[in-house]
Amino acid sequence: MVKKQIEVCECNAIHMDIIQKVRKVMPEEEQLYDLAELFKVFGDTTRVRILCALFESEMCVCDISTLLNMSQSSISHQLRVLKSAKLVKNRKEGKVVYYSLDDEHIKHIFEQGLEHISE
């Protein structure tokens, strides 16, 4: 196996004009932290599968667990993570709690990701 090396500069030239230009448009550290946390939520296959299901329809835990062939307990845990990340919301109808996407942005993020890996 051939190990690829990372290309690095062979000199120590600092381009202050570029650094200053980029620094002006860089998001705040707190925003970057929040963004990294959001992407961590997408780092779990079960959560991604739940989101895919919710793209198609609002669903209750029972339905999601049957669809994904997983325990209701496992699904509930993942839904709590998704809800705390503001990716899903829920509503109660009698004894049934239905989950849906919090907003359409989630679908757009997902579509962009799928488009990227399909290139």
Query raised in the report: What are the residues in the range 32-48 that are loosely packed, with under 15 Cβ neighbours inside 10 Å and either basic (K, R) or in contact with a strand residue (DSSP E or B) (Cβ under 9 Å, 6 or more places away or on another chain) (or both), if any?
Result: K40
Query raised in the report: Can you name every residue in the range 25-50 that is at pLDDT 95 or above and among the basic types (K, R)?
Result: R47, R49
Query raised in the report: If V61 satisfies every condition in (1) over 26 Å from Q112 (Cα atoms); (2) without any contact (Cβ under 8 Å) to a residue 24 or more places away in the chain; (3) of a type outside the set (S, T, N, Q) but one, which is the exception?
Result: (2)
Query raised in the report: Does the range 71-85 contain at least one residue that is β-branched (V, I, T) and out of contact with any helix residue (DSSP H, G or I) (no Cβ under 6 Å at 6 or more places or on another chain)?
Result: yes
Report task. Answer yes or no as to whether V81 is on the phi < 0 side of the Ramachandran plot, without any contact (Cβ under 8 Å) to a residue 40 or more places away in the chain and surrounded by 16 or more Cβ atoms within 10 Å (Cβ to Cβ). Result -> no
**Report entry** Options S57, S65: the member that is over 11 Å from the mean Cα position of the chain (by Cα), loosely packed, with under 13 Cβ neighbours inside 10 Å, small (G, A, S) and modelled with pLDDT of 95 or more
**Finding:** S57
Query raised in the report: If we only count helices (runs of 4 or more DSSP H) wholly inside the range 34-119, which ones have 2 or more residues that are hydroxyl-bearing (S, T, Y)?
Result: 45-56, 61-68, 72-84
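The values are calculated or read from the model by the stated rules, or taken from the named source; none is laboratory data. Only a predicted model underlies this, so the values are computations on that prediction, with no experimental measurement involved. Please note: Cβ atoms are built from the backbone with ideal geometry, for glycine as well, and neighbour counts cover all protein chains shown.
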